[in-house]
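The values are calculated or read from the model by the stated rules, or taken from the named source; none is laboratory data. Source: prediction; values computed, not measured. Please note: Cβ atoms are built from the backbone with ideal geometry, for glycine as well, and neighbour counts cover all protein chains shown. Calculation scope for accessible area: heavy atoms of the full protein, side chains included, ligands and nucleic acids excluded. Shrake-Rupley method; radii C 1.70, N 1.55, O 1.52, S 1.80 Å.
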Amino acid sequence: MRLRSASEWMAVSAGVLGTLVLVGYAMRSTVLAQLQPWHNATIVPGSAISLILGALALLFVKRWRTIFALLLLALNLEMLLEIAFGLNLRLKLAENYLWLQGPGVVPDRISLLVNIGFLLLGVAVLLLLWAPRRSAWVLRWLTWLVVAIGIASVLTPYLRLDLIYEFHALTRPAQLSGLGMLLLGLALWLACRDCRWNRPAAGYEQASRILSAATLALVVVLAVAAFSGLLMMRRLAERGAMDNLTLRRDERINYVRLLIQEAVARGRAYAQDAALVAAVQHPNGAMARLRPPQDFSSVTVYRGQRKLWEYGTPVQSPEASVPLPLSSPAKLLWEGEFFLRQRLPVMAPNQQNQVLGTVVIEQPRPLLGTIGMESAAFGSSGEVALCGLPSLDSATLACFPTRLRQQPYQRPDSDSGDGSAHPMALALAGKAGIVDTIDYRGVRVLAAYAPVPGMGLALMVKMDTQELYAPIRDEINILGPVLLLLAVLGIQLLRWRVQPVVSALVASRNQVASSEARFRAAAESGMDPFYIFETVRSAVTGGISNFRLIYANQPGETFAGIEPGRGEILGLASVPQLQATGDVLSKLQAVVMRRQHWVEEFAVPGRKTANGPQWLYLQAVPLGDGVAVTLRDISERKWEEDRLRVMAQTDALTGLANRDAFRKRLAHAMASSRRLRRQALLAVLYLDIDYFKDINDTYGHTFGDRILQAFAARLQRSVRSADTVARPGGDEFAILLENMESTQDAERVVAAIFAALEDPIHIGSHQVRISTSIGLTYYRGEACDLEELVQQADAALYMAKRSGKNTWRQFAERGNLETP
């Protein structure tokens, strides 16, 4: 719907543009009719009506759209016939804008380029309505052609093809017509793209977009290259033409000036000739002997108002006459050829200010005529014009004959064919330059103009732009079809070569997307927190500087306290539990760079469960340029393992260390004693309860168990917290005393044990007194293993039993026993 909405907006914009122009014509409003006053080419009514019909054909329901499309075709077919065959079908569209005339408006004529675009648009709309599936590829090409014509119509004025091609309808489309055409073409493209028949197969949307983008890029590159090349060629040709015309203008200005100066100098020399001066002083005798120069066509001598002498026949009624601003009156005349007429004073010799008479001289200047009539190396349309003002207050220009205009002529100094000042008028005002204008024939020309210094004349060299740009036109005629052919072949080659690759890539992408979907579904259905982190790499070194969280399943969001939908803007800190592993960044970097797994179990500081600290199991595996991290709460398992571990090392009845735990601690203590430079003193005590069998026989095993528990408790109260009390089995107990300063520490423990047993044990209604026998041995790092040390303590216990019980014995060196 979004694309369709854009299509409708574009069609409405084109329709509004055409409506504004038509309203402008109806109201005779130049602002609305032109809308682009700085651009000469104006939207003609035919273009405006076509814009409205094209918009309506894209907006209404199917039946009305068909009607509007047929009207669009009929109107533009009529205008095409008028352009191609000069027919007049009497629609009289021109009568609606005869008031808006100018070089950019051609009555009853639409630009051929725009005309063809509207015809293609009408055909495309009909195909879209009635046969979209059967003509899909034709419809696509027609749509792109309409868009291309719109773009070309907008850019054509910048290329100034009207300077290159003479056919106005082909080269002078109004830019706003091109803009409207472009809007309608894009609207048609969007409408086609929104149709179900034009949608790519499921999963291949990306392939279609890639191919379309590649095709568009190729077309744009070729179009930009063609536009730039044409623009550069036109500018180079224009610069060459301007330089050529400027050179020719300057050469001829110098030539005209030299010819006139030479004639003026000859006239002045003759006015000062001694024979002429003498004849004017003494006309009776000397006048008959006057002989003027042979190249003078007429000489008339006056003394005051009286004509003294005349030679030849002066020009009586010249076809053209232009006064020259010289020190003495002079005129440039045309009577079949150029004549220079001078009126010069005849001065008395040796008297500077005495005027004897006046001489009027006319000199034919045939070489001046060759300037305007020459054709050698100047093309078929090259022309040199020489003009001046017939009088100081004249509003017209008097111009001498040229090669293409055989008679002198006059024209207003403000009429250049397009309403601007005539180049000759600009030259007479002292300006020089080059102008692109319309000449007296209604033909566009390039004219170089400049004044003839000191002569009151203006000279202009001009040539038809069609002839000046003939070389570039020939190149365009060749390069245009070649570029079009290259574009078509390039597009087809692009599709042939790129489409299989793109299809394979898209298929692979679809497979990856499907795998990712299954992967995400599995992750979402799992109960363990799951996260995917993507690397953040340094723009300078390319190394991994951080990680960004791009996915977290629902258990993961809940576990880490992540707000749903915000995972992709967070980093490693978004999962605070990971920080408990220590230097998590380095470990994840190793996973990515070395492509290895990372597995770790760790306790989370500050997080407690019902049975103790929270423990997590972490597994991180490489995933593309990132890692996938799974966390699992193993607190219950850890608690169970600790419980089993304690049970494996603890006597179930008394809670004391069992035989295995005691022997492990004893081995560790012996090794520590051996490692120390000053061997640490430790003691091992073996104990049992005197007459315990009689207690069991008398009170029963349950009562005996209670006695064992009470005895174990009194033993624990008699030793230090760092000492180990164990029950190897039965009524036997063992005590490990570590890090003693002397043997007296062990003897104090023995005394404390006997003191603790002095009080009777109360169990239910029974009161029982018990005693114990103790065997003691010491270890200071000697070469003795654990079994020997245990046997020593056991042997000392045996001797205490034999000594009457309720006593203790110490194992002495060399197997002897010491009595306390």
| Solvent accessible area, Å² - residue 536, 1.4 Å probe, full protein context | 40 Å²
| task | Please work through the chain and write down the cysteines that have no neighbouring cysteine Cβ at a distance under 4.7 Å. | result | 192, 195, 784
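Highest mean first, what order results for 797-805, 733-741 on Cβ atoms within 10 Å?
Highest-to-lowest ranking by the protection proxy: 733-741, 797-805.
Multiply the residue separation of residue 488 and residue 60 by 0.36 nm, subtract the distance between their alpha-carbon atoms, and state the gained length in nm to one decimal.
Working: separation 428, 0.36 × 428 = 154.08 nm, distance 3.37 nm.
Gain on extension, residue 488 to residue 60, equals 150.7 nm.
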| Helices from the chain with mean Kyte-Doolittle at least 0.5 and a Cα length along the axis of 18 Å or more, per DSSP H: which? | 2-27, 45-59, 62-85, 112-130, 136-159, 175-193, 470-525, 743-756
| field | Whichever lysines have a C-alpha closer than 26 Å to that of residue 693, once near sequence neighbours (fewer than 8 apart) are set aside | value | 801, 805
| Accessible surface, 1.4 Å probe, highest first, among residues 291, 595 | 291, 595
| task | Compute from the Cα atoms of region 530-639 the Rg and the Dmax, the latter being the longest Cα-Cα distance, and quote both in angstrom. | result | 14.2, 49
| query | Ignoring ligands, DNA and RNA, what accessible area per residue does region 649-810 give at 1.4 Å, in Å²? | reply | 50 Å²
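Return the carbon/sulfur percentage of the accessible area of the chain, one whole number, probe 1.4 Å, all protein chains in place. Walk me through the intermediate numbers first.
Values: 23670 of 41960 Å².
The computed percentage sits at 56.
Using packing as a proxy for protection, rank 235-241, 358-364 so that the peptide with the highest average count of other Cβ atoms within 10 Å comes first. All intermediate terms of the calculation are to be shown ahead of the outcome.
Numbers: 235-241: 14.9, 358-364: 22.6.
The most tightly packed comes first, giving 358-364, 235-241.
Stokes-Einstein D for the chain at 4 °C, 1.567 mPa s, Kirkwood Rh over Cα pairs, in µm²/s? Display every interim value, and only then the final one.
Numbers: Rh = 40.1 Å.
Taking Rh from Cα pairs, D becomes 32 µm²/s.
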| Can you give the accessible area of residue 138 in Å² (nearest 10), computed on protein heavy atoms with a 1.4 Å probe? | 50 Å²
| note | For region 530-639, the per residue accessible area (1.4 Å probe, Å²) is 51 Å²
| 26 Å Cα-Cα reach of residue 608 towards lysines, excluding residues that sit fewer than 8 places from it in its own chain | 587, 638
| query | Using a 1.4 angstrom probe and counting only protein chains, how large is the accessible area of residue 257 in Å², to 10? | reply | 70 Å²
| remark: Sorted by accessible surface (1.4 Å probe, heavy atoms of the protein chains only), largest first, 602, 519, 68 come out as 519, 68, 602
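Rank these by accessible area, largest first, 1.4 Å probe: 186, 216, 72. Walk me through the numbers on the way to the answer.
Numbers: 186 50, 216 85, 72 0 Å².
Sorted by accessible area, descending: 216, 186, 72.
Can you tell me the length gained on complete extension of the stretch residue 193 to residue 558, counting 0.36 nm per residue apart and subtracting the Cα distance?
The residue 193-residue 558 span can extend by a further 127.1 nm.
With +1 on each Lys and Arg Cβ and -1 on each Asp and Glu Cβ, how big is the dipole of region 649-810 about its Cα centre, in debye rounded to the nearest 20? Walk me through the intermediate numbers first.
Numbers: 21 positive and 21 negative charges, 86 e Å.
It comes to approximately 420 debye.
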| task | State, to one decimal in nm, how far the label point of residue 477 lies from the label point of residue 625, with both points 7 Å from Cα in the Cβ direction. | result | 5.5 nm
| note | Across 5 Å bins beginning at 0, the whole-percent shares of Cα-Cα pair distances in region 449-506 come to 4, 14, 10, 9, 8, 8, 8, 7, 7, 6, 5, 4, 4, 3, 2, 2, 0
| Between residue 145 and residue 743, how many nm apart are label points set 7 Å from Cα along the C-beta direction? | 12.0 nm
| message | Suppose the chain between residue 354 and residue 762 were pulled fully straight at 0.36 nm per residue; how much longer would it get relative to their current alpha carbon spacing? | response | 129.6 nm
| request: Would you mind checking the radius of gyration and Dmax of region 237-466 based on alpha-carbon positions, in Å? | output: 20.1, 68
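Given a cut-off of 20 Å, what percent of all Cα-Cα pairs of region 222-358 lie beyond it? Each step should come with its number before you reach the end.
Numbers: 5655 of 9316 pairs.
The proportion of pairs with Cα distances above 20 Å equals 61 percent.
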| query | Tell me, what is the FRET efficiency for residue 579 and residue 786 to the nearest 0.05, using R0 = 35 angstrom and their Cβ-Cβ distance as r? | reply | 0.20
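Using alpha carbon coordinates only, what is the Rg to Rh ratio of region 649-810, with Rh defined as the Kirkwood radius? Kindly include the intermediate steps, with their values, before the conclusion.
On the way: Rg = 15.7 Å, Rh = 16.0 Å.
Taking Rh as the inverse mean 1/r over Cα pairs, Rg/Rh reads 0.98.
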